């Protein structure tokens, strides 16, 4: 059982929580994730990236978007309540060293896992360019924290409600076109964004790391549900990743695999909204 | 195979036993051999293919006694030679034949900790029962004394009647042992080490203990309540259980010894790395490792469509690649999840299949279709990246290979296509690499199995290992035997 120590709603459906998890807080490194389960009998196990950790307090911070049944139920939990299972830290940590200039691109909720990487890269002496993108203004998260770390900060929204009206790939291409070009790129966000970021940097030959968030059960290499094709080889995101060379990842296959249970997930999600409405109505009539 | 109802089997057994008990002279070996071999009562195939309850229902007391009476009490006990943990088989059968079922159970428990589990999942026909004189006399291993079924009966009876003394624990020694994993090898080590009075902490990565007994072997073959009971016995003895804790990640193995004060560590993390065929299309949607498919169905309870949050792929025509027990488990699980057709594809013939005869027979009864001397060459996807067909090749048997089995040889140009909408790959597991990768100095074979000496000790001081992480994918009873050996060494080391 892991107690919820803090809960903040960052935007419409994005939440930040601090969970009591002393071992994970001590061991985790940038790039790693946890698997979380709300109900040990019938719940599902979902991977969530670790946005931050406080070893002194013994806590880890997760940021998640309420998109399915489990994340909705998690969002409904309050401080003082507990999560039944949190396993981690899982996956290989980010390879951090002094590369020179690193351009870090975060899309939507992807800014959360990007944050500790930016922190690590900065601490290693890199010059940091941060590009943050979101659909619209109120979906931009962790702007201040990122601004504080960045030597150069670019924000863009799809609808132009904040910063540049552009997709993140636009400023990314510009940055890659500079002389000298950046030494490294890190892109984390929706699969489609990571795919196009990798395509954007490819012609410039800027090495690009992406962090994949696939379907998982155990997170320890046992099930293979998370497997992806990287450079023609099968890799397990949970133990070989989650970070891979974005120029080698077969994104089409990965995106198709993410949809494997879409029908059942949509059903569960609709059901969960219906349940919430019924609950609200019941409370209203009381 | 025709299905006899449990009621019929019970009546016949009662009548036969009554007849035998009326006699006042001891049975001759000939008469013992003439006793009807007792069939295991099972759920009707048509009913069970729509539920997840246990298929084999277990003997009646009369059946258990009759089956035990078939034992000739051979002085050289060839059956014991076939048992990896050397259970006194004639001894427990003698007690059971006399109706002393608790006595029989006590005999087994001297050597085996998990009789209810092993009675169900041991491959007896290639172990104890293979060497049985009765089977030899009747010229069929199927006619050997059903040692495992009697074992299961006496263990179930003990559990259901609350019999059997709780294992005694010696006074606290102040020593502390970490057991990594909670499968059969680890359960054995935990019990044997705890009995000596050492503190024991078990670490499990999943949210529930039991390892392969809960995530892999389906409910219809091994009810989870039985595994839970074994775990309860351990916690009742004072063994501590730490779930959601993956050694190598949550805590490094060496930290257990160097910082957390553990005096010894046992690694029993099993063979949890699924092998794939490395053929085209293997990462298409609808292609699963048997581990994934079974874990969703078993541990995550995906069969319970209304209640479980974990989804499972619903499919019409499923292909299962492989011929072992895991392949049978996956195929039979697919049947229960409502697949229209389930096809097992195996490149040798039924004789070479590693699956237990009983499992193959059960699968056939449930409608699983077997395609022998056939193998997948590539998987074909539709426009959405979902698997829609499998291209197979036909095989023939050639000369025997190093395993002694005749080598399957592909027939050139024999490719053909089968339409399917899901594929489950069940061609085995390698050892889980998480601990070797995160533990400096821990020596492994090139296949990733942890190397141990003949006491179960690894290349690191105070670190022991056993079960599938050492053996590669094997059986529950072998894992238990390995656990026994390592526990004895740990207890010796901590003296």
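The values are calculated or read from the model by the stated rules, or taken from the named source; none is laboratory data. Because the structure is predicted, anything quoted here is derived from the model rather than measured. A quick note on method: Cβ atoms are made from the backbone with ideal geometry, for glycine too, and the neighbour counts reach across all protein chains shown.
Data table
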| quantity | calculated |
| --- | --- |
| Residue within the range A:86-95 that is assigned to a loop (DSSP other than H, G, I, E, B) and more than 14 Å from chain B (Cβ to nearest Cβ) present | yes |
| Some residue of the range B:135-142 being free of Cβ contacts under 8 Å to residues at least 60 places away in the same chain and part of a loop (DSSP other than H, G, I, E, B) | yes |
| Unmet criterion (only one of (1) at pLDDT 95 or above; (2) within 16 Å of residue B:231 (Cα to Cα); (3) surrounded by fewer than 24 Cβ atoms within 10 Å (Cβ to Cβ)) for residue B:171 | (2) |
| Wholly within the range B:343-449, strands (runs of 3 or more DSSP E) carrying at least 3 residues that are within 30 Å of residue A:257 (Cβ to Cβ) | B:369-372, B:374-381, B:387-400, B:416-419, B:422-425 |
| When residues of the range A:51-72 are limited to those that are touching a helix residue (DSSP H, G or I) at 6+ places or on another chain (Cβ under 7 Å) and under 25 Å from residue B:215 (Cβ atoms), the one farthest from the other protein chains (Cβ to nearest Cβ) | A:68 |
| Residue match in the range B:340-355 (condition: surrounded by fewer than 24 Cβ atoms within 10 Å (Cβ to Cβ) and either within 14 Å of another protein chain (Cβ to nearest Cβ) or more than 30 Å from residue B:431 (Cβ to Cβ) (or both)) | yes |
| When residues of the range B:306-318 are limited to those that are over 23 Å from residue B:392 (Cβ atoms) and facing chain A (nearest Cβ under 9 Å), the one surrounded by the fewest Cβ atoms within 10 Å (Cβ to Cβ) | B:307 |
| Residue A:173, sole failed condition from (1) surrounded by 14 or more Cβ atoms within 10 Å (Cβ to Cβ); (2) without any contact (Cβ under 8 Å) to a residue 60 or more places away in the chain; (3) part of a helix (DSSP H, G or I); (4) in contact with a strand residue (DSSP E or B) (Cβ under 9 Å, 6 or more places away or on another chain) | (4) |
| Which numbered condition residue B:417 fails, given (1) in contact with a helix residue (DSSP H, G or I) (Cβ under 9 Å, 6 or more places away or on another chain); (2) surrounded by fewer than 16 Cβ atoms within 10 Å (Cβ to Cβ) | (1) |
| Answer from B:381, B:385 - the residue that is within 14 Å of chain A (Cβ to nearest Cβ), touching a helix residue (DSSP H, G or I) at 6+ places or on another chain (Cβ under 6 Å) and crowded, with 18+ Cβ neighbours inside 10 Å | B:385 |
| Checklist (1) surrounded by fewer than 24 Cβ atoms within 10 Å (Cβ to Cβ); (2) more than 24 Å from residue B:473 (Cβ to Cβ); (3) in contact with a helix residue (DSSP H, G or I) (Cβ under 7 Å, 6 or more places away or on another chain) applied to residue B:264, failing item | (1) |
| Of the criteria (1) within 12 Å of chain B (Cβ to nearest Cβ); (2) over 19 Å from the mean Cα position of the chain (by Cα); (3) surrounded by fewer than 22 Cβ atoms within 10 Å (Cβ to Cβ), which one residue A:83 fails | (3) |
| Options B:294, B:321, B:253: the member that is over 17 Å from residue B:376 (Cα atoms), over 17 Å from the mean Cα position of the chain (by Cα) and surrounded by 21 or more Cβ atoms within 10 Å (Cβ to Cβ) | B:253 |
| Exclusive hit being more than 15 Å from the chain's Cα centre (by Cα) and either within 14 Å of chain B (Cβ to nearest Cβ) or part of a helix (DSSP H, G or I) (or both), set A:110, A:120 | A:120 |
| Selection status of residue B:291, within 10 Å of chain A (Cβ to nearest Cβ), at negative phi and without any contact (Cβ under 8 Å) to a residue 60 or more places away in the chain | no |
| Looking only at the range B:23-42, and only at residues there that are touching a helix residue (DSSP H, G or I) at 6+ places or on another chain (Cβ under 8 Å) and outside any loop (DSSP other than H, G, I, E, B), the one that is farthest from residue B:93 (Cα to Cα) | B:42 |
| Count of the range B:274-288 residues which are closer than 24 Å to residue B:352 by Cβ and more than 10 Å from chain A (Cβ to nearest Cβ) | 2 |
| So residue B:119, is it in a helix (DSSP H, G or I), within 18 Å of residue B:74 (Cβ to Cβ) and without any contact (Cβ under 8 Å) to a residue 40 or more places away in the chain | no |
| Residue B:348 vs. criteria without any contact (Cβ under 8 Å) to a residue 24 or more places away in the chain and more than 15 Å from residue B:317 (Cα to Cα) | no |
| Among the residues listed as B:68, B:112, the single one being in contact with a helix residue (DSSP H, G or I) (Cβ under 7 Å, 6 or more places away or on another chain), crowded, with 16+ Cβ neighbours inside 10 Å and outside any helix (DSSP H, G or I) | B:112 |
| Residue B:299, sole failed condition from (1) in contact (Cβ under 8 Å) with a residue 60 or more places away in the chain; (2) surrounded by 20 or more Cβ atoms within 10 Å (Cβ to Cβ); (3) more than 14 Å from chain A (Cβ to nearest Cβ) | (3) |
| Residues of the range B:195-229 classified as at pLDDT below 95, crowded, with 18+ Cβ neighbours inside 10 Å and within 25 Å of residue B:493 (Cβ to Cβ), total | 1 |
| Residue count, the range A:221-269 (criterion: on the phi > 0 side of the Ramachandran plot and surrounded by 20 or more Cβ atoms within 10 Å (Cβ to Cβ)) | 2 |
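Residue by residue, here is whether (1) outside any helix (DSSP H, G or I); (2) surrounded by 16 or more Cβ atoms within 10 Å (Cβ to Cβ); (3) more than 16 Å from the chain's Cα centre (by Cα); (4) free of Cβ contacts under 8 Å to residues at least 60 places away in the same chain holds:
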| site | (1), (2), (3), (4) |
| --- | --- |
| B:459 | yes, no, yes, yes |
| B:470 | no, yes, yes, yes |
| B:478 | no, yes, no, no |
| B:484 | no, yes, yes, no |
| B:490 | no, yes, yes, no |
| B:495 | yes, no, yes, yes |
